[in-house]
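This report refers to the structure that appears directly beneath it.
Taken together, the values in this text are just the output of simple stated rules run on the coordinates, not laboratory data. Predicted model only: the values in this text are computed from it and were never measured. Backbone-built Cβ (ideal geometry, glycine too); neighbour counts: all protein chains shown.
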Amino acid sequence: MNFVRHLLTLTASAMLALTSPANAQMGKAELLWLGQAAFKLTTPTGKVIMIDPWLRANPITPPEYKSLEKIGKVDLILVTHGHGDHIADAPALALAHKARVFAPGDLNQTLTLLRVLPPELAPRMNKSGTVTPFADEPRIKITAVKAEHSSSYVWKNPDSGRDENHVGGEPVGFIITLENGVKIYHMGDTGLFGDMKFIGEYYQPDVLLIPIGGNFTMGPEDAAFATTQWIKPKSVIPMHYGANPLAKGTLPQFEQALGKTPIQLLGLKPGETASF
């Protein structure tokens, strides 16, 4: 059984030895990939964070997750930018669960002005800003970092019935620090940029969620270079491939581009979970 096929057998019991010794008795986080850049992150103390939730129209989201009611509780939502394959189901989830959406500040201002979300569910932040979104769990921290992409928000005007393109702010990635000290870097959509090296050195993420599809983002070779030369996480989970025919990068191509490396490649299928 080759390396990729072995990794694709990961299930909810997959374990990564990333927890710091001081937090060894704490439960582990679970990260469920739902296709494209969408993840459901359940933290060690049970907080549920949805990231870039494009679910109902996502062609590779498993059928059991296309009904938003089946997601279960949602405590927080992170959106990296305003494109529909990232923000699509965020407003609906936010309103249903009274969960705040952290996104680029100007995108949230647009959502507020268009009355897509009320101000209390669309707090503003920006790159290098860090928030502690849970008063009862201050160990969870969210930091916005640079992403090299674009962002706009398409909104259907209920009066005219026509789509309108609105300000989406500048795209971001997120460094998510968990209760057990593990740091997850969700890159959002991005091309290569030199400050990836700074982000790797300064934040030292343990788990990297990286786009590999190409055309709109890094392809497999660019993503492998960023992973091995600049960011250097303990583990990497590729994303943003397989849902759009223009994004042709594949998991085997990414594995080949990574080459021999101590970085653990976790090739999840949509609907599979890694724990750490």
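Couple of notes before you dig in:
- Taken about its Cα centre, the chain carries a charge dipole of roughly 400 debye when the Cβ of each Lys and Arg holds +1 and the Cβ of each Asp and Glu holds -1.
- Distance between modelled label sites at residue 229 and residue 155, nm, 7 Å Cα→Cβ extension: 4.1
- Based on C-alpha pairs under 8 angstrom that are at least 6 apart in sequence, region 3-275 has a relative contact order of 20 percent.
- Over all projection directions, the Cα-based convex hull of region 3-275 averages an area of 13.7 nm².
- Only one residue of 191, 267, 150 has its Cα farthest out toward the positive end of the dipole of the chain, where Lys and Arg carry +1 and Asp and Glu -1 on Cβ, and that residue is 267.
- Pairs spanning more than 28 Å between alpha-carbon atoms, out of 156/183; 73/232; 70/146; 28/73; 98/234; 73/197: 156/183; 73/232; 70/146; 98/234; 73/197.
- Extension gain (nm, one decimal) between residue 192 and residue 162, 0.36 nm per residue minus Cα-Cα: 7.3 nm
- Computed [θ] at 222 nm, helices only, for the chain once each DSSP H run of length n ≥ 4 contributes -39500 (n - 2.57): -4500 deg cm²/dmol
- Cross-link partners for residue 141 among the aspartates and glutamates, with Cα-Cα distance under 15 Å and sequence neighbours closer than 8 places in the same chain left out: 75, 179, 206.
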